Amino acid sequence: MNDFEEAALRLTAMVRRTTACLAALGAIMATAPVSAQTAFTLPAPPFELPMLPSPSGNWTVMVGIGGEYKPEFVGSNNGKFLPIPIFSIRRAGSIDQFRGPRDSASIALLDIGNFRAGPAFKYVASRKSSKYAELTGLGDVKAAYELGGFVEYYPVDWLRLRSELRQGMGGHTGTVADVSADVIVPLIQRLTISAGPRFTWKSTNATAPYFGVDAVQALASGLPTYNAKGGAHSVGFGSQISYRINPQWEVHAYVEYEKLLGDAADSPLVKLRGSSNQTTVGLGASYSFDFRIR
């Protein structure tokens, strides 16, 4: 059995386990009593931002938790399981929320018809060289906090286009841009499948800490020196299946594939000790509720 066949069998097994967990979670939640959405009122903010609509009115919050089996670090050919949070806010009564697995935590301050925009945030975990033999001698990369914004548009009801632009702080100080498209197809009542392409661009400051190898690191790790620069970072494809148990609860499972490009793919860390093919399998559950700002 070659490496590709082994990886395919491993992925198939993970998808089966994910689907089984999703079905079990849905069955448990379906038997729970359904209560009305929690509603509460917050006082009006002391000031309003210019050029933006007033925050007064009803809002819908989506919160949840999920788990992902993903590469141990970007470029690794081994996997690990990690918990992940789910969070978003939108105007109540707007188009039913669709959330892709790659979406950052976001707040839709501007929500007009089929268009949304607002701030976005993503946390990037630290990379500890002592945890993985492949990273020996490369040093640690601290956790990064990416702050920015998103725009989202539905040209038709079944197609979502989304773009995010974020600036890193901490482990990297570069710029990251994500672009995605998702075709959303209801299979049966409450059950929806979605799929579409993904693309990521990263600046040099967002690429070098993870894929570059300086002279000191080369001597300690045995890898050749490498000056990683920014550019097209990855291209990929993702698919998700979700089931809405009731207006508040939703469960979902997904598979995301990412192909590293450019200097990330050409890094000796990836070429000699890892893989440019990155696959993530995940599942999660989310709960939505309303609140009001005076």
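The values are calculated or read from the model by the stated rules, or taken from the named source; none is laboratory data. None of the values given here were measured: they were computed from a predicted structure. Methodologically, a virtual Cβ is constructed for each residue, glycine included, from the backbone with ideal geometry; neighbour enumeration extends over all protein chains shown. SASA here: full protein model, heavy atoms, side chains in, ligands and nucleic acids out. Shrake-Rupley method; radii C 1.70, N 1.55, O 1.52, S 1.80 Å.
Given axes a ≥ b ≥ c from the Cα gyration tensor, I'd like to know whether the range 166-250 is rounded (a/c under 1.5), prolate (a/b larger than b/c) or oblate.
Working: a/c = 3.05, a/b = 3.02, b/c = 1.01.
Judged from the Cα gyration tensor, the range 166-250 comes out prolate (a/c at least 1.5, a/b above b/c).
Please work out, to two decimal places, the log10 of the ratio I(q)/I(0) at q = 0.14 Å⁻¹ from a Debye calculation in which every Cα of the range 125-281 carries one identical scatterer.
-0.81
Probe of 1.4 angstrom, ligands and nucleic acids ignored: what's the accessible area per residue over the range 156-294, in square angstrom? Walk me through the intermediate numbers first.
Details: 6200 Å² over 139 residues.
With all protein chains present, the range 156-294 gives 45 Å² per residue.
Residues with amide H under 5 Å of Asp140's amide H, sequence separation 5 or more or different chain, H placed in the peptide plane at 1.01 Å from N; which?
Ser129
May I ask you to rank Asp182, Asp157, Asp263, Asp214 by accessible area, largest first, using a 1.4 Å probe over the protein chains only?
The ranking, largest first, comes out as Asp157, Asp214, Asp263, Asp182.
Carbon and sulfur together cover what percent of the accessible area of the range 48-180 at a 1.4 Å probe radius?
Details: 4130 of 6400 Å².
Accessible surface attributable to carbon and sulfur in the range 48-180 totals 65 percent.
Carbon-plus-sulfur fraction of the accessible area of the range 241-280, 1.4 Å probe, in percent?
54 percent
From Cα pairs below 8 angstrom and at least 6 apart in sequence, can you work out the relative contact order of the range 110-202, rounded to a whole percent?
Worked out over the range 110-202, it gives 21 percent.
Kirkwood hydrodynamic radius, the range 205-294, all distinct C-alpha pairs: what's the number in Å?
16.2 Å
Given a Förster distance of 35 angstrom, what is the FRET efficiency for Lys271 paired with Leu191, based on the Cβ-Cβ distance and rounded to 0.05? Mind showing how you got there, number by number?
Numbers: r = 41 Å, r/R0 = 1.18.
My answer for the efficiency is 0.25.
Using a 1.4 Å probe and counting only protein heavy atoms, arrange Met62, Met169 so the residue with the most accessible area comes first.
Descending order: Met169, Met62.
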